[in-house]
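The values are calculated or read from the model by the stated rules, or taken from the named source; none is laboratory data. Predicted, not measured: the structure shown is a model, and the values here were computed from it. Heads up, the Cβs are rebuilt from the backbone with ideal geometry, glycines too, and the neighbour counts pull from every protein chain shown. Keep in mind that these areas ignore ligands, DNA and RNA; they rest on the heavy atoms of the full protein, side chains included. Shrake-Rupley method; radii C 1.70, N 1.55, O 1.52, S 1.80 Å.
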Amino acid sequence: MPELTMVEALNRALDEAMEHDPDVLLMGEDIGVNGGVFRVTKDLQAKYGVNRVRDTPLAEAGIVGTGVGMAIAGLKPVVEIQFSGFTMQAFDQIEQNMARYHHRSRGRYPISMVLRTPYGGGIHAVEHHSESREAYWAHTPGLKVVVPSGPRNARGLLAAAIDDPDPVIFYEPKAVYRAFREEVPDTPERIPLGTAEIVRDGRDITLISYGAMMRPTREAADDLAELHGIDPEVVDLRSISPMDTDTLAASVARTGRCVIVHEGPRNCGVAAEIIARLNEEVFEYLVAPIKRITGDDIHFPYFQTEEHYLPDPDTIIEAVRETVAFDG
Amino acid sequence: MTHRTMDSVRSSKGKNRRTPRSADEDANAARRTIATPGVEDLRILAADGSVDRDLDPHLDDDELLRIHRAMVLTRVFDQRMLTMQRQGQMGTFAPGAGQEATQIGQVYPLTERDWFSPSYRSFGAQIWRGWEMERLMLLWDGFFEGFAPPPGVRDLPFSIVIGSHVLPAVGVAMGMQYREEDSVMVTNFGDGALSQGVVAEGLNFAAVNQAPIVFVCENNGWAISTRVEQQCHVDPLALRGVGFGVPSIRVDGNDVLAMIVATREAIERARHGGGPTFIEAVTYRMGVHTTADDPKVYRTDDEVEAWEDRCPLRRFGIYLLGRNVTDQAGLERIQQECEAEVLAARDRFRSRAHAKPREAFDFVFADMPDELARQRQAYLEKLDRKGVE
Ligand SMILES: Cc1ncc(C[n+]2csc(CCOP(=O)(O)OP(=O)(O)O)c2C)c(N)n1
Ligand SMILES: [Mg+2]
């Protein structure tokens, strides 16, 4: 099994999907000769031609809107928005068309389409290049929202997203793109959308996170076990919507405690939704209030100070210790 | 440049479509001509430095030297920023070498009461407008304070989101019109930005309101790896303006005199109630898109070299020498003075480049809600615990 970065694993998933199904085609800015600014589509134009790997004009609404039309025409477009900050240009097309044609046509036109886009901070980028706005898309009925956390699940989730009959917002943690390598099996893998994964078994508390924040969360979990005698269970959410409430609830029912970590802003964020669901499902099992470590409700700081905005292992450890020490 | 009809534009589809990438392809052609019905072409100073005397704005020597110095300073600043970036002392940066004439020409005719709303590749124009170089260095190195317009400068912070700033720029112009101020807005954006729907909306709002605004489209041939021909199926791009009923002109963007003449006419028309103008400035991005980009992947060195012959600085230098405004030694002195100025700015930048994480919550609201004040308190306590100032 080769060790791949997330960029390479995503490239592999796209290649496999295109190889397998001639209806899969790619559209986006600078994805052709340039292979995308992060090189996720590297060499694919050379392999599949300009008709299947299309450099578009610089217009995100155009990319998403025409992608929707191509899906109606029976194709499987995988469109790239260069940075998630620029999905805002396409908000109208995502909310009004991508998420709705299936419903509006009473099932006649399913929109089997994927919108891939890099999100999140930590790479010293200029303004508008570090935001995490997954909560917007989870709020829109009809969209699936998926966030991989490493090379292997990135490849398996992207394959499943391309297969899926519904439109998927595929949020790629750019801080993880080249951060580490992981073994990726030779044969194609599919990870069902809507499933969370328990990546570390534990008894004392459930830590829930996704995407780039899985790394500080897992690091915190290891430190807690080693240095503080606390044994955390760690869950990688993977799908924001639909959310695998069953796995989350079962874990928290076992541990009785929960801390949720994400880098997007707190107000109406994903953690708020998880807390609401846990209250509905397992309130009687809770022995301490659920805490959330999130980005603050401010514009993402410019990069000289971004480290103080992003959740770090120390902050997570502290929240866990407080939660475990809670004596109701 | 020869006369081209709409038909020739329409029929010139596909890969082999000939795009005159510069108004100075033929140094002897007439300088003020019709590009295509509805669009004028303008060039005053040819690539070889020869000038069309009838069109020369006849600026006095001091002004000519000021313009030259501004272009040289822009180039030197650009080179210094690249060096700093390569040395790990600067963030990702979008260089502008080759576009100095477009930059300086578009703001030269503006007065202090006028407005400017640029895109990111605009430090030349920003420096001319009064942005201290150290402020721009702070900005590109990840300090938000660098975005604050200097006191008294009626500029908006530059926009990184392509085309997004054009609508607010039109709105400012509509505001000036409503308040009966005779101030004009100049806004710039790239060839790529023309693909954004909001830019079309901006042209339309400006046209129907006859707002006092000048749109400068810096056609530098590329939007990252995407050629202008992949971006837009009309040529000249200035035809876009025509479609909205906006007077439109294609200017040799490497000819600072032509840029000044075109922008000055447009500004004066806007100031006197004549509404918007669309200027396509034909120029070329000589360097990388940003320091994170590798143009070798998508373009040839030959193409870049061909544009070196059309360098806006060299061309203007020949003109100055020809008019006896200065001599070779004078040009070299300007170069040295600019280098010293940029180094002094770098030193001031270094003395100010201190991260201020405690300001992260400032300016999110004018009136901070209690809930956010509580978050801020917790954040400051976290900084205290981490021992961060
Ligand atoms: C809305 C939006 N989409 C994508 C980007 C990423 N991006 C940054 S610069 C650029 C190309 C811009 O080309 P152009 O408008 O010609 O300006 P130039 O860089 O040539 O000055 C792109 C695609 C962005 N900043 N904003
Ligand atoms: Mg351009």
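To the nearest 10 degrees, how steeply does helix B:312-322 sit against the main Cα axis of chain B, on a 0 to 90 scale? On a 0 to 90 degree scale, this one is about 60. Heavy-atom accessible area buried between chains B and A is around 3200 Å² (1.4 Å probe, both sides summed).
Comparing A:Val79, A:Val168, A:Val287 in a Gaussian network model of chain A where C-alpha atoms under 10 Å apart are linked, the largest mean-square fluctuation is found at A:Val287. Think of each Lys and Arg Cβ as +1 and each Asp and Glu Cβ as -1; about the Cα centre, that makes the dipole of region A:197-325 roughly 240 debye.
Between B:Phe365, B:Phe144, B:Phe116, the Gaussian network model of chain B with springs among Cα atoms under 10 angstrom shows the greatest mean-square fluctuation at B:Phe365. Average accessible surface for the protein assembly as shown: 40 Å² per residue, computed with a 1.4 Å probe over protein heavy atoms with every protein chain in place.
When you work out D = kT/(6 pi eta Rh) for chain A at 10 °C and 1.306 mPa s, using the Kirkwood radius from C-alpha pairs as Rh and the Stokes-Einstein form, the result is 79 µm²/s.
Within the straight-line cut-off of under 18 Å between alpha carbons, the lysines reachable from B:Lys356 are B:Lys382, B:Lys386, sequence neighbours fewer than 8 places apart in one chain being disregarded. Rounded to the nearest 20, the size of the Cβ-charge dipole of region A:104-172 about its Cα centre is 320 debye, with Lys and Arg at +1 and Asp and Glu at -1.
With springs only between Cα atoms under 10 Å apart, run a GNM on chain A and tell me which of A:Ala249, A:Ala212, A:Ala179 wobbles the most. Comparing A:Ala249, A:Ala212, A:Ala179 in a Gaussian network model of chain A, the most mobile one is A:Ala179. The smallest convex shape that holds all Cα atoms of region B:131-173, its convex hull, gives 74 Å³ per residue. Considering protein heavy atoms only and a 1.4 Å probe radius, which residues within region B:362-378 exhibit an accessible-area decrease of no less than 50 Å² in the full assembly relative to the chain by itself? Those are B:Val364, B:Gln375, which lose 50 Å² or more relative to the chain on its own.
Here region A:3-183 is treated as a sphere whose radius is the Kirkwood value from Cα pairs; by Stokes-Einstein at 37 °C and 0.692 mPa s it diffuses with a coefficient of 206 µm²/s. Of the residues A:Cys268, A:Pro301, A:Leu227, the one whose Cα sits farthest towards the positive end of the charge dipole of region A:197-325 is A:Cys268 (charges of +1 on Lys and Arg Cβ, -1 on Asp and Glu Cβ, taken about the Cα centre). Within the protein assembly as shown, the proportion of Cα pairs with more than 37 Å between them is 44 percent.
By the Cα gyration tensor, chain B has an equivalent ellipsoid whose semi-axes, rounded to whole angstrom, run 35, 26, 21 from largest to smallest.
Using a probe radius of 1.4 angstrom, the carbon and sulfur fraction of the accessible surface of the protein assembly as shown is 50%.
Just to be sure I understand: of the beta bridges DSSP finds with both ends in the protein assembly as shown, what percent are antiparallel, rounded to 5? The antiparallel fraction comes to roughly 20 percent. Beta bridges from DSSP with both residues in chain B: antiparallel share about 20 percent, rounded to the nearest 5. Relative to the longest principal axis of the Cα atoms of chain A, the long axis of helix A:60-72 lies at roughly 70 degrees. Taking Cα centre as origin and charging only the Cβ of basic (Lys, Arg, +1) and acidic (Asp, Glu, -1) residues, the dipole magnitude of chain B rounds to 800 debye. Interface residues of region B:127-167, defined as those with an accessible-area decrease of at least 40 Å² between the chain by itself and the complete set of protein chains (probe 1.4 Å), are B:Gly142, B:Phe144, B:Ile160, B:Val161. Of the residues A:Tyr119, A:Val68, A:Ala46, the one whose Cα sits farthest towards the positive end of the charge dipole of region A:3-183 is A:Val68 (charges of +1 on Lys and Arg Cβ, -1 on Asp and Glu Cβ, taken about the Cα centre). How tilted is helix A:245-255 with respect to the longest principal axis of chain A? Cα atoms for both, answer in degrees (0 to 90, nearest 10). Between helix and principal axis, roughly 20 degrees.
In region A:267-303, burial by the other protein chains removes 20 Å² or more of accessible area from A:Asp296, A:Asp297, A:Ile298, A:His299, A:Tyr302, A:Phe303, compared with the chain on its own (1.4 Å probe, ligands and nucleic acids ignored).
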